[in-house]
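The values are calculated or read from the model by the stated rules, or taken from the named source; none is laboratory data. A quick note: this is a predicted structure, and the numbers were derived from the prediction, not measured. Methodologically, a virtual Cβ is constructed for each residue, glycine included, from the backbone with ideal geometry; neighbour enumeration extends over all protein chains shown. What goes into the accessible areas is simple: the full protein's heavy atoms, side chains included, and nothing from ligands, DNA or RNA. Shrake-Rupley method; radii C 1.70, N 1.55, O 1.52, S 1.80 Å.
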Amino acid sequence: MPSNVELQEIAVTVARRAAVLAFQRRRDGVEIAASKSSIVDIVTRADQEAERLIRDAIAAARPRDGFLGEESGAGEGTSGLTWVVDPIDGTVNYYYGIPAYAVSIAVVEGDPDPATWTALAGAVVNPETKETFAAAAGHGATLNGTALHVNLDVELPLALVGTGFGYDPEVRVRQAAFVHQLIGQVRDIRRAGAASLDLCSVAAGRLDAYYERGLNPWDHAAGALIAAEAGARVGGLDGTPAGKRLLLAAAPELYDRLHPMMQEYFSAWE
Ligand code: IPD
């Protein structure tokens, strides 16, 4: 079994290669390959190519591991480890040329289900800013090699909070209703458009908190570990791990202020 640091090295190396590909394809002109859950939920050719590159590179380095990718789905392994991959998180930003998209690669132990998995290592690379966020469980989080730490002791009224919206219009309206409730209680709210980078922003102190309802495992697998290793508490509803029903990441004191509001709103939604 490789160490978490060795797994982190694989994640970083492969994510940087995919980031070069995504960056080049963006300059060549973005081509939409398909739409998924709705007409605004797009897949570009670069998403597909980047995922193929990542899948092949991981299969070469770790042939017995499983794979769960946003574009190509699941492939079972026999080692107990699974690589959870979003080849381009923030695809809409990518399409519009907004420099906030990222390659996100995590490796987890156990079933590839955020309710039960243990994240071992992860990397999130922004091809535009050339930032590599990385973490190995138990070894902290880094940005281009420098240690990251969340903002501590931020009072709720001074908190800069990030969030995101899914692609289903009905879900969005309910997500926006919670924003309506929160906006008067915090410094401000940001919707940057890539969940993996939002989580890295919490790790780097560029946001005080980030939450979203409806995330898929590949959106948060790497970023949640990076935030946690930088000192964030990361969780979901009813004391469960972060997942589709809710992901909240913040320093512990702020988490304790935000979580009860989210618990009340999002559990009433079900
Ligand atoms: C999306 C982004 C977005 C978040 C959505 C995700 P994608 O991922 O992370 O910020 O709000 O929930 O689906 O589709 O760009 O890979």
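Can you tell me the relative contact order of the chain? Whole percent, Cα pairs under 8 Å, sequence separation 6 or more. Walk me through the numbers before you get to the answer.
Details: 637 pairs, mean separation 45.7, N = 270.
With pairs under 8 Å counted, the relative contact order is 17 percent.
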* **For Glu131, residues with placed amide H under 5 Å, excluding near neighbours** => Asn126
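Apply 1/(1 + (r/R0)^6) to the Cβ-Cβ distance of Ser79 and Arg16, taking R0 = 25 Å, and write down the FRET efficiency to the nearest 0.05. Provide the component values of the computation, followed by the final result.
Working: r = 23 Å, r/R0 = 0.94.
E between Ser79 and Arg16, to the nearest 0.05, is 0.60.
When each pair of different Cα atoms in the range 225-270 is counted once in the 1/r mean, what is the Kirkwood radius in angstroms, to one decimal? The partial results should precede the final answer.
Values: mean 1/r = 0.0942 Å⁻¹.
In the range 225-270 this quantity evaluates to 10.6 Å.
Thr129 to Arg45: extension gain in nm, 0.36 nm per residue of separation minus the Cα-Cα distance? Write down the numbers at each step before the final one.
Details: separation 84, 0.36 × 84 = 30.24 nm, distance 2.16 nm.
Additional length available on full extension: 28.1 nm.
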* Asked: Applying the Karplus parametrisation 6.51 cos²θ - 1.76 cosθ + 1.60 with θ = phi - 60° to the phi angles of the range 81-98, what ³J(HN,Hα) value in whole Hz is obtained for each residue in order, glycine and proline being reported as x?
  -> 9, 9, 8, 10, 10, 10, x, 9, 8, x, 4, 5, 4, 4, 4, 8, x, 7
* Within the chain, which DSSP H helices have Cα atoms that stretch 27 Å or more along the helix axis and a mean Kyte-Doolittle hydropathy of at least -1.0? -> 4-28
* Evaluated over the chain, the Cα radius of gyration and Dmax, each in Å -> 17.3, 51
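Relative contact order for the range 88-184: what is it in percent, counting Cα pairs under 8 Å that are at least 6 residues apart? Could you put the intermediate results ahead of the total?
On the way: 107 pairs, mean separation 13.2, N = 97.
Relative contact order comes out at 14 percent.
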* To do: Could you check how much of the accessible area of the chain is carbon and sulfur, as a whole percent, using a 1.4 Å probe?
  => 52
* What is the spin-label model distance, in nm, from Ala59 to Met1 if the labels are put 7 Å beyond Cα along the C-beta direction? -> 2.6
* Structure fact -> Cα extents of the range 152-270 per principal axis, largest first, Å, are 34, 31, 27
